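To start, the structure under review is shown below, and the notes come after it.
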């Protein structure tokens, strides 16, 4: 039983895997690399995925979506491509290493002024401190939409509004929310949106992208072949070619397109309602288990389907091992590539056991997990000796 959807969603929508195989069997060509029929077919399939993503995120011009191999690459492109020596940047105390590590490197190598806006143990941003700091100036505000450790949803629309009032660009990491929460780049005041295909967008690994609002100039992270304008010694200026050097993962992008179409057809309202139902069931059951500590908010309206816990007296890695070996239940343990979040909730020394149900999980899955955790908790004194 799989409950690690915050890492990668599984299983995938019907037809997604088949679309990847069909592309490889029946088309199999690069996009943007030929004028023959199959190459043009590949071009069309890639553009169809761009259009579907543009519809999902309310992006007027699909060409402003540049494909990457994942959200990490997209965030690196935005951060390294936008910041200059001495720039001031605001971020949160919940960030994933995909944001924090590039910013720390820029602090060391480019002397950027990096300001971390702390959050409380429930993940609530210190908004007063944010407003005071943004008044001192910032070129970039970069924050996640929801925590991959405790699920807390940040108020990105309000954060973006304040950023714009003070002349800053707003970059959002939507790794945990794209495909499950509504994201509107206009209403949410988003200038750059980094997303990944393999989590709640339900697509293949190796897919992701960055939306870049018109007027924002980035340096390319990677340079090379683009199929067109090959005479130029530098990357072309036009999007998306400027940021899509080399051969695209066309089979993956095709699969992502099918997955996004599934999301658009099902509707975010239905997907989110199912997630909240499972999360509520999970939280209610966890309250009733002895020796279990739950981290983060208890209100399903304030979180995505990501819950971190620990059982008193047992290392989370041991609990995860028992769940897998004895009960056949797959969860995630450790620091989840987010040491900032674990410092915020006080678990930096031990980590947590993270449970993240997905759209294809059932009430029975949650019930089975709760039974297993009750049994493990009941034995925790013995296990911890």
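The values are calculated or read from the model by the stated rules, or taken from the named source; none is laboratory data. Keep in mind it's a predicted model, so treat the numbers as computed, not measured. Every residue, glycine as well, gets a Cβ built from its backbone with ideal geometry; the counts of neighbours run over all protein chains shown.
Observations, loosely collected:
- Considering 206, 227, the condition of being farther than 22 Å from residue 147 by Cα and either out of contact with any strand residue (DSSP E or B) (no Cβ under 9 Å at 6 or more places or on another chain) or outside the structural domain of residue 102 (by TED's automatic domain parsing) (or both) is satisfied by 227 alone.
- Subset of the stretch 111-139 that is in contact with a helix residue (DSSP H, G or I) (Cβ under 9 Å, 6 or more places away or on another chain) and assigned to a helix (DSSP H, G or I) - its residue that is farthest from residue 346 (Cα to Cα): 134
- Lone qualifier among 355, 348, 309, 294 - being in a loop (DSSP other than H, G, I, E, B), touching a helix residue (DSSP H, G or I) at 6+ places or on another chain (Cβ under 8 Å) and touching a residue at least 12 places away in the same chain (Cβ under 8 Å): 348
- The listed residues are 231, 190, and the only one of them that is crowded, with 24+ Cβ neighbours inside 10 Å and either at pLDDT 95 or above or part of a loop (DSSP other than H, G, I, E, B) (or both) turns out to be 190.
- The set of residues in the stretch 351-372 being touching a strand residue (DSSP E or B) at 6+ places or on another chain (Cβ under 7 Å) and more than 16 Å from residue 305 (Cα to Cα) consists of 351 alone.
- Across the stretch 291-301, a minimum of one residue is classified as at pLDDT below 95 and out of contact with any strand residue (DSSP E or B) (no Cβ under 8 Å at 6 or more places or on another chain).
- Unmet requirement for residue 101, which otherwise passes all of (1) outside any loop (DSSP other than H, G, I, E, B); (2) buried (at least 16 other Cβ atoms within 10 Å of the Cβ); (3) in contact (Cβ under 8 Å) with a residue 24 or more places away in the chain: (3)
- Residue 154 fulfils the conditions (1) in contact with a helix residue (DSSP H, G or I) (Cβ under 6 Å, 6 or more places away or on another chain); (2) more than 23 Å from residue 112 (Cα to Cα); (3) in contact (Cβ under 8 Å) with a residue 24 or more places away in the chain except for a single criterion, (1).
- Taking the criterion of being under 24 Å from residue 202 (Cβ atoms) and buried (at least 20 other Cβ atoms within 10 Å of the Cβ), the residues of the stretch 301-315 that qualify are 303, 304, 305, 306, 307, 308.
- The single residue among 184, 113 that is in contact (Cβ under 8 Å) with a residue 24 or more places away in the chain, under 17 Å from the mean Cα position of the chain (by Cα) and more than 17 Å from residue 305 (Cβ to Cβ) turns out to be 184.
- Scan the stretch 316-342 for residues that are in a loop (DSSP other than H, G, I, E, B) and either under 20 Å from the mean Cα position of the chain (by Cα) or crowded, with 20+ Cβ neighbours inside 10 Å (or both) and the total you get is 6.
- Residue match in the stretch 160-180 (condition: on the phi > 0 side of the Ramachandran plot and in contact with a strand residue (DSSP E or B) (Cβ under 7 Å, 6 or more places away or on another chain)): no
- In this structure, residue 148 does not satisfy being assigned to a loop (DSSP other than H, G, I, E, B), at positive phi and at pLDDT 95 or above.
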